[in-house]
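Engineer: Below you'll find the structure I mean.
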Amino acid sequence: MKPLSLLLAVALGFGTAVSAGPAVIECWLVEDAGRGQLTKKPAALLLRQGAESLLPRPDLDPELYLKVHDPAGALLAAFRRYPRDAPAPRCELSRYVPFPASANWVSVLTPEQSCPRALDGTWLMVSISSPVLSLSSLLRRESEPQLEPALITMATAVLTVLTHTPTPRIRLGEDALLDLSFAYMPPTPKAATCLAPGPPPFGLEWRRQHQGKGHLLLAATPGLNAQMPAAQEGAVAFAAWDDEEPLGPWTGNGTFWLPAVRPFQEGTYLAIVHLPYLQGQITLELAVQKPPTVSLTPAPLVWAAPGEAPPELLCLVSHFYPSDSLKVEWELRGGPEGSFQKAEGQRWLSALRHHSDGSVSLSAHLQPPPVTTRQHGARYACRVHHPSLPALGRSAEVTLQVAGLSGPSLEDGVGLFLSAFLILGLVKALGWAAAYQATSKDSTEKKTQ
């Protein structure tokens, strides 16, 4: 490796050893028991060894208590900055058999027939998910457990695929950038000799599952002359190895870019990295959102006489997505004794109005009851809750003025003074004009005589 890359690897390795994050990840081995039944057995992954991490686990089958050797460092790095307050990741193991990819466009990845022999052994696929990452790793397990000092089985991470944005929330009309990285280390020297020096050829596939249907959005085999399916919906992927070193491990990038997302593009996205006889896959849940704008009319004041009902209030909630999970609340703030309460009155919602960009709008209506003098100065508020908004939501308000109770304010006094001053000036100007005309008329008459 290059000196800079080596220095970076050492630094990352040191950071992994001393950083927070789980040292042991509890998992379940899920297997098919036939007749549509599944069996689950407890398992555990030892990612890094600390003073108390390598303890005997009599509750586990020694073949399922795995000490992970991670030559590429991707699996360990994924947990190096795992937030302390994040929930424990969900981990599932399943048995894996290396096989060529079935799609025609990745057939160019299949090397010589002798290569599969280098992949003999017991393989497991580990799938880890949490709110902060989604990860899949292929582990090649040693055949026999070892004593060191606990009974444990060694396993090597060969191919790791991960994303740090497992549940992206994209604003409607903006570009979606779904990060994806992967790392590979040949499991044995024999596996590496099957191919030319340097990182192996790989294939990248992005698919979307939405409403029970699967759609291939993008497929790529960088550097290979293969006929590829056309990319859909303007999708682009940054598919490449990070370096061309002759010996592994290697890391790569498969980040996916989707321009100007629309509502139909939300759903489950599958990212699959194909290597000769190996495939790693992760899932992401993309949601499209647009926060609503909220306005309230009449505004900023609403008038009513004591014992009469104010005019109907109209709260316009416009251009939001998705249409479900929207909640509109009416509040009365600063009423008698400064109270804060739910507004009374008849309320209803209009039908949804759909817009060309996929967003929707609706109107919320409130007919307040007759007011009392004690409610003078209170504020009616329309508060909207939506998944795209903060927990407190978004609101708009109007002030209630009860007729006969509002005295002139300072602004009113200033306005009255200015109005009187202007009127006085206008009267004087008219008087001067009339006097001038009279004087001019008398002068004309004297000249005539």
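The values are calculated or read from the model by the stated rules, or taken from the named source; none is laboratory data. Note that the coordinates shown come from a computational prediction; the quantities given were computed from them, not determined experimentally. Here the Cβ positions follow ideal geometry from the backbone for every residue, glycine too, while neighbour counts run over all protein chains shown. The accessibility values were calculated without ligands, DNA or RNA, using every heavy atom of the protein model including side chains. Shrake-Rupley method; radii C 1.70, N 1.55, O 1.52, S 1.80 Å.
Engineer: List pairs: first in region 30-51 and within 17 Å of THR156 (Cβ to Cβ), second open to solvent by 30 Å² or more (accessible area, probe 1.4 Å) and among the charged types (D, E, K, R), Cβ under 7 Å, 6+ apart or cross-chain?
Structural biologist: Pairs that qualify, where the first residue is within 17 Å of THR156 (Cβ to Cβ) and the partner is open to solvent by 30 Å² or more (accessible area, probe 1.4 Å) and among the charged types (D, E, K, R), are ALA44/GLU26; ALA44/ARG57; LEU46/LYS67.
Engineer: Filter region 202-235 down to residues that are in a loop (DSSP other than H, G, I, E, B) and touching a strand residue (DSSP E or B) at 6+ places or on another chain (Cβ under 8 Å), then give me how many there are.
Structural biologist: Initial filter on region 202-235 (in a loop (DSSP other than H, G, I, E, B)): 202, 211-212, 221-235.
Checking which are touching a strand residue (DSSP E or B) at 6+ places or on another chain (Cβ under 8 Å) leaves us with 202, 211, 221-222, 228-229, 231-235.
Looking only at that region, the number is 11.
Engineer: Tell me yes or no: at least one residue of region 340-355 is farther than 30 Å from GLY198 by Cβ, touching a Gly at 6+ places or on another chain (Cβ under 9 Å) and surrounded by 14 or more Cβ atoms within 10 Å (Cβ to Cβ). Talk me through it step by step, then tell me what you get.
Structural biologist: In the first step, residues of region 340-355 are kept if they are farther than 30 Å from GLY198 by Cβ; the result is 340-355.
Then keep just the ones that are touching a Gly at 6+ places or on another chain (Cβ under 9 Å); that gives 340-341.
From the residues that got through so far, the ones that are surrounded by 14 or more Cβ atoms within 10 Å (Cβ to Cβ) too are none.
There is no residue in region 340-355 that is farther than 30 Å from GLY198 by Cβ, touching a Gly at 6+ places or on another chain (Cβ under 9 Å) and surrounded by 14 or more Cβ atoms within 10 Å (Cβ to Cβ).
Matching residues to (1) more than 30 Å from VAL288 (Cβ to Cβ); (2) open to solvent by less than 70 Å² (accessible area, probe 1.4 Å); (3) modelled with pLDDT under 60:
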{"site": "PRO368", "(1), (2), (3)": "yes, yes, no"}
{"site": "VAL398", "(1), (2), (3)": "yes, yes, no"}
{"site": "PHE417", "(1), (2), (3)": "yes, no, yes"}
{"site": "TRP432", "(1), (2), (3)": "yes, no, no"}
{"site": "THR439", "(1), (2), (3)": "yes, no, no"}
{"site": "THR444", "(1), (2), (3)": "yes, no, yes"}
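Engineer: Name every residue in region 254-280 that is open to solvent by less than 10 Å² (accessible area, probe 1.4 Å) and closer than 13 Å to LEU217 by Cα, in order of residue number. Explain how you work it out, then say what you get.
Structural biologist: Restricting attention to region 254-280, the residues satisfying the condition of being open to solvent by less than 10 Å² (accessible area, probe 1.4 Å) are 254, 256, 258, 261, 265, 269, 271, 273, 275, 278, 280.
PHE256, LEU258, GLN265, TYR269, ALA271 - these are the residues of region 254-280 that are open to solvent by less than 10 Å² (accessible area, probe 1.4 Å) and closer than 13 Å to LEU217 by Cα.
Engineer: Output the residues belonging to region 127-161 that are in contact with a helix residue (DSSP H, G or I) (Cβ under 6 Å, 6 or more places away or on another chain) and open to solvent by less than 10 Å² (accessible area, probe 1.4 Å). Lay out the reasoning, then the answer.
Structural biologist: Taking region 127-161 first, the residues in contact with a helix residue (DSSP H, G or I) (Cβ under 6 Å, 6 or more places away or on another chain) are 133, 135, 137, 145, 151, 153, 157, 160.
Passing the criteria: LEU133, LEU135, SER137, THR153, ALA157, THR160.
Engineer: Another one. In this structure, does ASP179 turn out to be in contact with a strand residue (DSSP E or B) (Cβ under 8 Å, 6 or more places away or on another chain) and open to solvent by less than 50 Å² (accessible area, probe 1.4 Å)?
Structural biologist: Values: in contact with a strand residue (DSSP E or B) (Cβ under 8 Å, 6 or more places away or on another chain): yes; open to solvent by less than 50 Å² (accessible area, probe 1.4 Å): yes.
Yes: the conditions hold for ASP179.
Engineer: Oh, and also: Would region 297-314 turn up any residue that is at pLDDT 90 or above, open to solvent by 30 Å² or more (accessible area, probe 1.4 Å), β-branched (Val, Ile, Thr) and within 23 Å of SER350 (Cβ to Cβ)?
Structural biologist: There is at least one residue in region 297-314 that is at pLDDT 90 or above, open to solvent by 30 Å² or more (accessible area, probe 1.4 Å), β-branched (Val, Ile, Thr) and within 23 Å of SER350 (Cβ to Cβ).
Engineer: I would also like to ask the following. Would you be able to tell me the number of residues in region 201-251 that are acidic (Asp, Glu) and open to solvent by 60 Å² or more (accessible area, probe 1.4 Å)? Show your work before the answer.
Structural biologist: Kept after step one, since they are acidic (Asp, Glu), are these residues of region 201-251: 205, 233, 242-245.
The next check asks that each one be open to solvent by 60 Å² or more (accessible area, probe 1.4 Å); those that pass are 233, 242, 244.
Of the residues in region 201-251, 3 are acidic (Asp, Glu) and open to solvent by 60 Å² or more (accessible area, probe 1.4 Å).
Engineer: Of the numbered conditions (1) under 27 Å from ARG207 (Cβ atoms); (2) at pLDDT 90 or above; (3) surrounded by fewer than 15 Cβ atoms within 10 Å (Cβ to Cβ); (4) not aliphatic (A, V, I, L, M), PHE99 fails exactly one; give the number of that condition.
Structural biologist: (2)
Engineer: In this structure, is VAL328 in contact with a Phe, Trp or Tyr (Cβ under 8 Å, 6 or more places away or on another chain), modelled with pLDDT of 95 or more and more than 30 Å from LEU133 (Cβ to Cβ)?
Structural biologist: Answer is no for this residue.
Engineer: If I go through region 263-276 residue by residue, how many of them are in a loop (DSSP other than H, G, I, E, B) and within 30 Å of ASP357 (Cβ to Cβ)? Outline the logic, then answer.
Structural biologist: Narrowing region 263-276 to residues in a loop (DSSP other than H, G, I, E, B): 266, 276.
From the residues that got through so far, the ones that are within 30 Å of ASP357 (Cβ to Cβ) too are 266.
So the answer is 1.
Engineer: Among the listed residues PRO187, PRO71, PRO89, which satisfies the condition of being within 23 Å of the chain's Cα centre (by Cα) and over 30 Å from PRO259 (Cα atoms)? Break it down stepwise before answering.
Structural biologist: Values: PRO187 fails: within 23 Å of the chain's Cα centre (by Cα); PRO71 fails: within 23 Å of the chain's Cα centre (by Cα).
Criteria check complete, one pass: PRO89.
Engineer: Note down all Cβ pairs under 7 Å where the first residue falls in region 383-397 and is touching a residue at least 12 places away in the same chain (Cβ under 8 Å), the second is open to solvent by 50 Å² or more (accessible area, probe 1.4 Å) and not in a strand (DSSP E or B), and they're at least six residues apart or on different chains.
Structural biologist: HIS386/SER325; PRO387/SER325
Engineer: What's the total number of residues in region 263-279 that are within 27 Å of TRP123 (Cα to Cα), at pLDDT below 95 and of a type in the set (Gly, Ala, Ser)?
Structural biologist: So the answer is 0.
Engineer: Another question about this same structure. Residue under question is GLN341, and the condition is that it be closer than 30 Å to SER107 by Cα and either touching a residue at least 60 places away in the same chain (Cβ under 8 Å) or not β-branched (Val, Ile, Thr) (or both); does it hold?
Structural biologist: Answer is no for this residue.
Engineer: Right, here's the next one. Can you name every one of the strands (runs of 3 or more DSSP E) wholly within region 30-96 that holds 3 or more residues which are open to solvent by 40 Å² or more (accessible area, probe 1.4 Å) and modelled with pLDDT of 90 or more? Spell out the reasoning first.
Structural biologist: Numbers: elements: 37-46, 65-69, 90-96.
The qualifying strands (runs of 3 or more DSSP E) are 37-46, 90-96.
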